[in-house]
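Input: a single structure, listed below in structure tokens.
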Amino acid sequence: MALRLTVLGTGYLGATHAACTAELGFDVLGLDTDEARISALAEGKLPFYEPGLEALLDRGLRSGRLRFTSSYQEAADFGDVHFICVGTPQQAVSGRIDLSHLIHCVESLAPLLVRPCLIVGKSTTQVGTASQLAERIARLAPAGTAAEVAWNPEFLREGCGVADTLRPERIVVGVRSAAAEAILRQVYAEPLASGVPFVVTDFATAELVKVAANAFLATKISFINAMAELCEATGADVTKLAEVLGHDHRIGSAGMRPGLGFGGGCLPKDIRALSTWGAELGVGEAVRFLREVDSINLRRRSRVVELARELTGGSLQGRTVGLLGLAFKPDSDDVRDSPALHVAAAIRDLGARVSAYDPVAMDRARQADPDLEYAGSMVGAATDADVLILLTEWPEFRQADPETIGKAVAKRNIVDGRHALDPAQWRAAGWTYRAPGRPGTAQ
Ligand code: UGA
């Protein structure tokens with residue numbers, strides 16, 4: 001009989017996993033305690049922006065394979081495999097990962113598990129969580145140890161969530177039995193048939209590999225941004241430097257774009273959690289470099305503010321600054337730890353009038369920072385600006401015509417925080433173009 005899946009937690013990860021597994025042909029029940037979210041999803045409305053996902057959600061709902069509920073009883077009765085996708089945010093003071101949603105989810109589900117099933121953790125966590133949950137479930141579930149635990153970390157990127165779930169680069173499963181492995185092979189039969197590597201590990205490795213991957217990605221970005229600082233000190237050009245490094249296949253160019261640095265709900269949180277947790281484990285020295293990775297990253301935000309200040313003659317007091325982009329990256333409306341919002345607040349604090357625009361993240365940005373001035377379009381944000389700053393590399397900004405935008409601004413000054421524009425084209429249209437890690441004038 002075909003496996004029936006539940007997905008517990010319908011945030012970014014859970015909603016994507018639910019819609020994608022329904023697309024793979026499974027009967028899927030998504031659960032969330034947020035009734036408004038469940039009603040929206042049941043009507044085919046996504047509570048966040050993710051290209052391609054709404055079409056999949058719609059298809060799943062119309063096929064009858066995908067449904068949503070807020071009842072743990074219904075989920076327990078329905079599922080052979082329960083995927084836990086609840087959020088594991090960062091605790092404000094300690095920097096540790098907050099496991100309270102995960103624990104609440106397991107404690108709500110476990111007492112209702114009366115038949116054999118597999119509970120699969122996907123949320124980012126720290127080592128030890130899976131075995132603690134296994135022990136807790138065995139104690140709370142009427143099915144006892146027949147309610148087994150596995151860990152299956154998720155590596156999807158916002159903006160590419162559908163492709164990363166349907167055609168992942170690898171699937172990792174931390175299991176304690178051949179039966180658990182066999183069930184997960186059945187769930188992922190389609191990607192496995194197309195040759196996706198399937199790595200079977202113990203719990204600890206499966207839990208650690210997720211934060212290790214994010215720590216590496218963050219380090220790669222901060223490495224090239226550290227080189228940008230050297231470029232600024234020497235007059236070298238970091239975009240050329242990155243291009244040359246990227247041709248070495250051992251280094252590779254993917255994930256090494258210099259600029260404003262990383263933000264979002266994952267990389268900053270995960271490197272901080274790993275630093276704190278590594279120190280608690282007595283291996284603080286092994287992860288100390290992550291503090292440096294974080295510092296380099298935050299310095300890039302200051303550097304972009306500094307470039308804007310240089311372009312306005314040394315002071316931003318009373319100046320008008322147009323900001324292009326608020327999301328932490330394009331193809332997302334996520335503004336969690338967004339470098340763009342950070343820069344916006346810093347510029348406002350220096351006494352400038354800020355006018356910001358983003359093609360999709362305006363609502364979320366307004367919620368996060370209601371005091372910013374928001375414009376209705378790119379030209380609106382540029383109107384009367386003494387300096388424009390590109391903070392998120394949306395295609396709309398990449399393709400902007402410097403002449404058209406030039407007619408709106410007070411002064412043709414631009415800081416390209418994401419190396420998204422062609423400096424020659426903008427300079428030819430009379431703009432003073434600056435970008436972190438690149439020489440101030442054409443060479
Ligand atoms: C990241 C990882 O890439 C995923 O593999 C992981 O599953 C996910 O976190 C997670 O833990 O859930 P995501 O945060 O969606 O995914 O975005 P990325 O594409 O990694 O970008 C993160 C930040 O780094 C963005 O602010 C982006 O602008 C910046 N970035 C990325 C750069 O500055 N340079 C680059 O070369 C790449």
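Which count do you get for residues in the range 374-395 that are surrounded by 16 or more Cβ atoms within 10 Å (Cβ to Cβ) and either in a strand (DSSP E or B) or touching a Pro at 6+ places or on another chain (Cβ under 8 Å) (or both)?
9
Out of all the residues in the range 314-326, which are polar (S, T, N, Q) and in contact (Cβ under 8 Å) with a residue 60 or more places away in the chain?
Within the range 314-326, just Thr320 meets the criteria.
Which residues, counting only those in the range 228-259, are of a type in the set (S, T, N, Q) and more than 25 Å from the chain's Cα centre (by Cα)?
Result: Thr234, single match.
Would you mind finding the one in Glu243, Glu232 that is more than 11 Å from the ligand (Cβ to nearest atom) and touching a residue at least 60 places away in the same chain (Cβ under 8 Å)?
Testing whether each residue is more than 11 Å from the ligand (Cβ to nearest atom) and touching a residue at least 60 places away in the same chain (Cβ under 8 Å) leaves just Glu232.
Here's the yes/no breakdown for (1) at pLDDT 95 or above; (2) crowded, with 17+ Cβ neighbours inside 10 Å; (3) of a type outside the set (Gly, Ala, Ser); (4) within 26 Å of Tyr12 (Cα to Cα):
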{"site": "Asp349", "(1), (2), (3), (4)": "yes, no, yes, no"}
{"site": "Ala352", "(1), (2), (3), (4)": "yes, yes, no, no"}
{"site": "Arg364", "(1), (2), (3), (4)": "yes, yes, yes, yes"}
{"site": "Arg398", "(1), (2), (3), (4)": "yes, no, yes, no"}
{"site": "Pro402", "(1), (2), (3), (4)": "yes, yes, yes, no"}
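Just checking, does the range 297-314 include any residue being within 15 Å of Ala218 (Cβ to Cβ) and more than 12 Å from the ligand (Cβ to nearest atom)?
Yes: one or more hits.
Mind checking which pairs have a first residue in the range 327-339 that is on the phi > 0 side of the Ramachandran plot and a second that is part of a loop (DSSP other than H, G, I, E, B) and crowded, with 23+ Cβ neighbours inside 10 Å, Cβ under 6 Å, 6 or more apart or different chains?
Taking only residues 6 or more apart or on different chains, the pairs are Asp337/Gly263.
Count, please, the residues in the range 95-123 that happen to be surrounded by fewer than 22 Cβ atoms within 10 Å (Cβ to Cβ), polar (S, T, N, Q) and part of a loop (DSSP other than H, G, I, E, B).
0
I want to confirm something. Restricting to the range 214-244 and keeping residues that are closer than 27 Å to Arg272 by Cα and small (Gly, Ala, Ser), which single residue is surrounded by the most Cβ atoms within 10 Å (Cβ to Cβ)?
Ala228
Identify, please: which residue in the range 152-197 is in contact with a Lys or Arg (Cβ under 7 Å, 6 or more places away or on another chain) and not in a loop (DSSP other than H, G, I, E, B) and is, among those, surrounded by the fewest Cβ atoms within 10 Å (Cβ to Cβ)?
Leu192
The values are calculated or read from the model by the stated rules, or taken from the named source; none is laboratory data. Quick caveat: nothing in here was measured; it's all calculated off a predicted structure. Backbone-built Cβ (ideal geometry, glycine too); neighbour counts: all protein chains shown.
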